[in-house]
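First up is the structure itself, then whatever we jot down about it.
The values are calculated or read from the model by the stated rules, or taken from the named source; none is laboratory data. The shown structure was predicted, so the numbers you read here are calculated from the model rather than taken from an experiment. Counting neighbours? That spans all protein chains shown, and the Cβs are built from the backbone with ideal geometry, glycine included. Just so you know, the surface numbers come from the protein's heavy atoms only, side chains and all, with ligands and any DNA or RNA stripped out. Shrake-Rupley method; radii C 1.70, N 1.55, O 1.52, S 1.80 Å.
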Protein chains: 2
Amino acid sequence: MSGICNTDLELARGYMGFRGTLGHEFVGVIESVAASPIGSLESGGGASTLAVGTRVVGEINAGCGTCALCATGDSRHCPTRTVLGIVGRDGAHADLLRLPPRNLIAVPDGVSDLQAVFVEPLAAALGVLERCPIPAGCRIAIIGDGKLGLLIAMALAPRQPILVGKHPDKLALAPVEGISIDEARRRTSVRSGKLDVVIEASGSADGFALALDLLRPQGTLVLKSTFHGATPVDAARIVVDEISVVGSRCGRFAPALQLLASGSVDLSRLISDVVSLDHAEDAMRDAAKPGVLKILLSR
Amino acid sequence: MSGICNTDLELARGYMGFRGTLGHEFVGVIESVAASPIGSLESGGGASTLAVGTRVVGEINAGCGTCALCATGDSRHCPTRTVLGIVGRDGAHADLLRLPPRNLIAVPDGVSDLQAVFVEPLAAALGVLERCPIPAGCRIAIIGDGKLGLLIAMALAPRQPILVGKHPDKLALAPVEGISIDEARRRTSVRSGKLDVVIEASGSADGFALALDLLRPQGTLVLKSTFHGATPVDAARIVVDEISVVGSRCGRFAPALQLLASGSVDLSRLISDVVSLDHAEDAMRDAAKPGVLKILLSR
């Protein structure tokens, strides 16, 4: 099973020049372990003990295995990495996909396919905390009530974020305070210059500007969404109020899988539809429609 | 004596809507301590022990003295602060200026007026380290060979930054490796994606873009310069490479004064001219000319 991400829609429009099979959110079963020469990086790595038949999810960044970054066990910024369904590696909207064994993590029995398929985006949501620790008592907001914003709101719900968006029906899906942007300025909870951390998940210049406006001096803006081309930014505001703008991309899978296994997050409410892989093209079109959240492709 | 800063030139063009006397870099002598009601915030603060006649420099942010930020002894982000010659308070290009006594710091005899007048911008340069610690061994660059970039290069010279600019004659003033931007891409020391920290001191969109390009994944871009209006920014780069963009405005005066007293920085090479305050308008015009560095106004 694989999930259609907004990044897939962007890639289909030409973002990053990717040619190949899309898809980077998946849960699957190991069909085979390729016979490779001893010492092959593709099959090596010490995590190749998972047996054929194991249900797994997989980290999407496949590093070279030898550079300084990979040596620390973190291939997310390996300069020659491939990325499943995004950079130089065919993705998960397919019958079969291929990843190095060290990228795979077994899924506990208690986590259903419908939950496990969210491990990648949930890991990305939790990745915010790697880039910006959020101590208890921080006043935080998330901007954007699309799939990504909702997922971040669910992942960070214990920290009581405010979710700011334009769609009351979507805002209502997250178990946190939801603020419709039209009335945002009448709500004391999102006054200008008061928040410690704002997570931008709309990918729009308006969202970026609103985030800057909401932050207190020396607050932190976490950029989580894909932006297109040049975004006009009030850089003077960043300087005068000494804001930190922090980019965040991928997260680690293990904490996300643990969170799902704990049962404390229910992501099924984000699923708009489950569609056969045979109808993937229609599903991609549907995924781009307003109001549609996650569409899953099932083999 | 006061120094003409690029911010003065911007303010004169309408930046921040300031009306009043310009000037926020100064060294002076206490002429009088205003008789104020007991408990007055303007005269209070416990640092009012400096006698008439003392040679002083002064922190430019004058806080309310009562908010949570001021209570920590740091008024730089007090929401109702005035700022000498910038926000709601007449500045230093004048015979007399007025600051709360707690803002003043006595200048040691060994520091000349021509050095002490640089305390404010030198403090701002050192303020980079408050926002972005730079451990030994970091590969860092400064973009911009104007007054600000040169000053930062001098302040951070022990950390061996690369200074990237367009003017070989200015680059030669700083006791660090200077890279002319025209040949930048042929120099291995400023290859794309290799630096840990880049300090943007040009205030231009090109400088911002170059800074992003030079940084390694998870590197830090310190914004130090005033930007005008909306700056087009490749926000996707910030997300994908998980860059931190950190604004930096004012620094603390005490470390800057200590650095000057140590004699290890010679800022006199940044002085283009010393002009009588009577000719301040001509001096402002000259300060805006290409190739001119610091112009000082003397009473």
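Counting only protein heavy atoms and using a 1.4 Å probe, what share of the accessible area of the protein assembly as shown belongs to carbon plus sulfur, as a whole percent? Write out the running numbers ahead of the final one.
Values: 13370 of 25700 Å².
That share works out to 52 percent.
Quick check: net charge around residue A:120, other residues with Cβ under 13 Å of its Cβ, Lys/Arg +1 and Asp/Glu -1?
Numbers: positive: A:76, A:147, A:249, A:252, A:294; negative: A:8, A:25, A:59.
Surrounding charge for residue A:120 is +2.
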> Given the options A:120, A:200, A:242, which has the most mean-square fluctuation in a GNM of chain A, springs set between C-alpha atoms less than 10 angstrom apart?
Replying inline: A:242
> Which pairs break 20 Å Cα to Cα here: A:224/B:194; B:147/B:194; B:170/B:294; B:166/B:289; A:147/A:194; A:194/B:224?
Replying inline: A:224/B:194; B:147/B:194; A:147/A:194; A:194/B:224
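Can you give the convex hull volume of the alpha carbon atoms of chain B per residue, in Å³?
Values: hull volume 40.4 nm³, N = 299.
Measuring per residue, one finds 135 Å³ for the Cα hull of chain B.
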> Ignoring ligands, DNA and RNA, how much accessible area is buried between chains A and B, both sides summed, with a 1.4 Å probe, to the nearest 100 Å²?
Replying inline: 2600 Å²
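Could you work out the per residue convex hull volume over the alpha carbons of segment B:189-299, in cubic angstrom?
Working: hull volume 17.6 nm³, N = 111.
Given the Cα convex hull of segment B:189-299, per-residue volume reads 159 Å³.
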> Restricting the count to DSSP beta bridges whose residues both fall in the protein assembly as shown, what percent are antiparallel, rounded to a multiple of 5?
Replying inline: 35 percent
>> Under the convention of a label 7 Å out along Cα→Cβ, give the distances in nm from residue A:282 to the same position in every other copy, shortest first.
In response: 8.3
>> Can you divide the C-alpha Rg of segment A:88-168 by 2.2 N^0.38 Å and report the result to two decimal places?
In response: 1.35
> For the residue pair residue B:31 and residue B:68, what label-to-label distance in nm results when each label sits 7 Å from Cα along the Cα-to-beta-carbon direction?
Replying inline: 4.0 nm
> Just A:239, A:190, A:198 to compare: in a GNM of chain A, with alpha carbon springs under 10 Å, which one fluctuates most?
Replying inline: A:239
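What translational diffusion coefficient, to the nearest whole µm²/s, does segment B:133-247 have by Stokes-Einstein, given a Kirkwood radius computed over alpha-carbon pairs, a temperature of 20 °C and 1.002 mPa s viscosity?
After rounding, the answer is 155 µm²/s.
Mind checking the per residue accessible area of segment A:192-291 for me, 1.4 Å probe, whole number of Å²?
On the way: 3890 Å² over 100 residues.
Ligands and nucleic acids excluded, the result is 39 Å² per residue.
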> Using a 1.4 Å probe, what is the accessible area per residue for segment B:80-132, in Å²?
Replying inline: 38 Å²
>> I need the inter-copy label distances for residue A:32: point set 7 Å along Cα to C-beta, values in nm with one decimal, smallest first.
In response: 9.5
> Do you know which residues of segment A:233-274 lose at least 50 square angstrom of accessible area in the protein assembly compared with their chain on its own, with a 1.4 angstrom probe?
Replying inline: A:233, A:235, A:239, A:240, A:242, A:245, A:249
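Listed highest first by mean packing, meaning other Cβ atoms within 10 Å per residue, what order do A:87-96, A:255-264 come in?
Numbers: A:87-96: 17.9, A:255-264: 16.4.
For the peptides A:87-96, A:255-264, the packing ranking is A:87-96, A:255-264.
Charges only on Cβ, +1 for Lys and Arg, -1 for Asp and Glu: so what's the dipole of chain A about the Cα centre, in debye to the nearest 20?
Here the size comes out at about 600 debye.
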> Could you give the distance between the Cα centres of segment A:103-164 and segment A:195-241, to the whole Å?
Replying inline: 19 Å
> To one decimal in nm, how far is residue A:258 from the same spot in the other copies, if labels go 7 Å from Cα toward Cβ? Please give the shortest first.
Replying inline: 4.0
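What FRET efficiency comes out for residue A:269 versus residue A:160 if R0 is 22 angstrom and r is the Cβ-Cβ distance? Round to the nearest 0.05. Before the final figure, lay out each step's value.
Working: r = 19 Å, r/R0 = 0.86.
The value I calculate is 0.70.
I'd like the FRET efficiency for residue B:180 and residue A:80, computed as 1/(1 + (r/R0)^6) with the beta carbon distance as r and R0 of 30 Å, rounded to 0.05.
0.45
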> Along each of its three principal axes, how wide is the spread of alpha-carbon positions in the protein assembly as shown, in whole angstrom units, largest first?
Replying inline: 85, 54, 35
> How crowded by other chains is A:219-232, given as the mean number of beta carbons from other chains within 10 Å of each beta carbon?
Replying inline: 4
> Computed FRET efficiency, Cβ-Cβ of residue A:277 and residue A:49, R0 30 Å: what is it to the nearest 0.05?
Replying inline: 0.55
